[in-house]
Amino acid sequence: MSAESTPEPGIPEAGPKVPGREGGGRRRRPPGRGRKALLVTAWTAAGVLVLGGTGLGYLYFKLNGNIKSVDIDQALGGDRPTKVDNGSENILVLGSDSRSGGNRKLGGGTDDGSARSDTAMIVHVYKGHKKAAVVSIPRDTLIDRPSCTDADGGRHAAATGVMFNSAYSTGGATCAVRTVESLTGVRMDHYLEVDFSGFEKLVDELGGVTVTTTKDIDDPQSHLDLKAGRHSLDGEQALGLVRTRHGVGDGSDLGRIQLQQAFVKALIDQVGHVGVLSSPKKLFDLADTATRTVTTDSDLGSVNSLVDFANGLKSIGSGNTRMVTMPVEYDPSNPNRVIVAESKAKQVWTALKKDRPIPASATKGTATGEAKGVVASS
């Protein structure tokens, strides 16, 4: 049976009843600190550099200096899944919701110096780099988090039954990678992280993203009000769309993931239509924002490395990108949380390891949201 909502932590609200629970309903919660950035922001950041890889001295060093990187391999050492040498690549893409700097206004809340990862996507690029699979990991998934070492050498103890997104807030990028590898048994070859303010600016500099909504979306908390129809979203609207959960569907994080996945496809299409070669200033502005937006693993921590990486992605369009959510089911003891549907998730991870398509049976009958089809590329 498919469950229909995964609320965020916070003060409970009344929700629809859970089948089989006498007098008990699922309890929804108002949005907390979790906000979203997207896979495609990082993907676009790399893609823009392909257009600008001219090697011009000053511009090269300026862009190179923008890029922040983390030495994942150094922090994690050798205790990791074995790299499968079959021509495929796995990239962990996280959306950071730091409340510092420009993100405070966009994310809300107080600037306490902390950050969380509330969007997590594993991008699997198949051998030949002609197609990809994207697996979203719900932030509300209860997991056993392994012990890990952060980028500064600090040690963090293992924890049982904690939310997935606690890995990043506990130990940053390296703990997030270690947790994903522990959860999946799949080696992450690269890491890309994006933030709110960069996402908004990048969409604006791309000239907006065109989508069609099949229902009205009205969510004051994410500052989004869209009537059903065709829209060219600016950066603020795009950020609102990927953050919204109460404006459409069942108010769940799983529903929000469905909106994000649809927007990713629209943005991938938009990148393919942007004519920046005729405008050197626009080209530089895009590359400047793109390189400021991302944090990468050390192997991608230069313009040249990002250019090479992007060249391997530029043939992958929305039509040959499969998007799924990690198979989950509602926690029997807490309907506000989800747990991994182990047997079905194993099908997903096995497919990635063997560089094969994810079988339809892996996600059939698992928990899902109610926002599928609300957003489509135009």
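Suppose the filter is at pLDDT 80 or above and more than 30 Å from Thr213 (Cα to Cα); does Leu300 pass it? It is true that Leu300 is at pLDDT 80 or above and more than 30 Å from Thr213 (Cα to Cα). Pairs are defined by a Cβ separation below 8 Å, a sequence spacing of at least 6 or placement on different chains, a first member in the range 147-161 that is free of Cβ contacts under 8 Å to residues at least 12 places away in the same chain, and a second member that is in a strand (DSSP E or B) and open to solvent by less than 40 Å² (accessible area, probe 1.4 Å); the pairs so defined are Arg155/Cys148; Arg155/Thr149.
Conditions tested, residue by residue: (1) touching a strand residue (DSSP E or B) at 6+ places or on another chain (Cβ under 6 Å); (2) of a type in the set (D, E, K, R); (3) in contact (Cβ under 8 Å) with a residue 24 or more places away in the chain; (4) not in a helix (DSSP H, G or I).
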| residue | (1), (2), (3), (4) |
| --- | --- |
| Val264 | no, no, yes, no |
| Val271 | no, no, yes, no |
| Leu283 | no, no, yes, no |
| Gln347 | no, no, no, no |
| Leu352 | yes, no, yes, no |
| Ile358 | yes, no, yes, yes |
| Ala367 | yes, no, yes, yes |
| Glu370 | no, yes, yes, yes |
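Taking residues in the range 201-225 that are on the phi > 0 side of the Ramachandran plot and free of Cβ contacts under 8 Å to residues at least 24 places away in the same chain, and partners anywhere that are buried (at least 19 other Cβ atoms within 10 Å of the Cβ) and outside any strand (DSSP E or B), the pairs with Cβ atoms closer than 7 Å and at least 6 places apart or on different chains are His223/Gly240. The residue that is most open to solvent (accessible area, probe 1.4 Å), counting only those in the range 178-219 that are part of a loop (DSSP other than H, G, I, E, B) and either touching a Cys at 6+ places or on another chain (Cβ under 8 Å) or not hydrophobic (A, V, I, L, M, F, W, C) (or both), is Lys215.
The values are calculated or read from the model by the stated rules, or taken from the named source; none is laboratory data. Just so we're clear, the structure is a prediction, and the values are computed from it rather than from any experiment. In this analysis, Cβ positions are derived from the backbone assuming ideal geometry, glycine residues included, and neighbour counts consider all displayed protein chains. All accessible areas refer to the heavy atoms of the entire protein, side chains included, with ligands and DNA or RNA removed. Shrake-Rupley method; radii C 1.70, N 1.55, O 1.52, S 1.80 Å.
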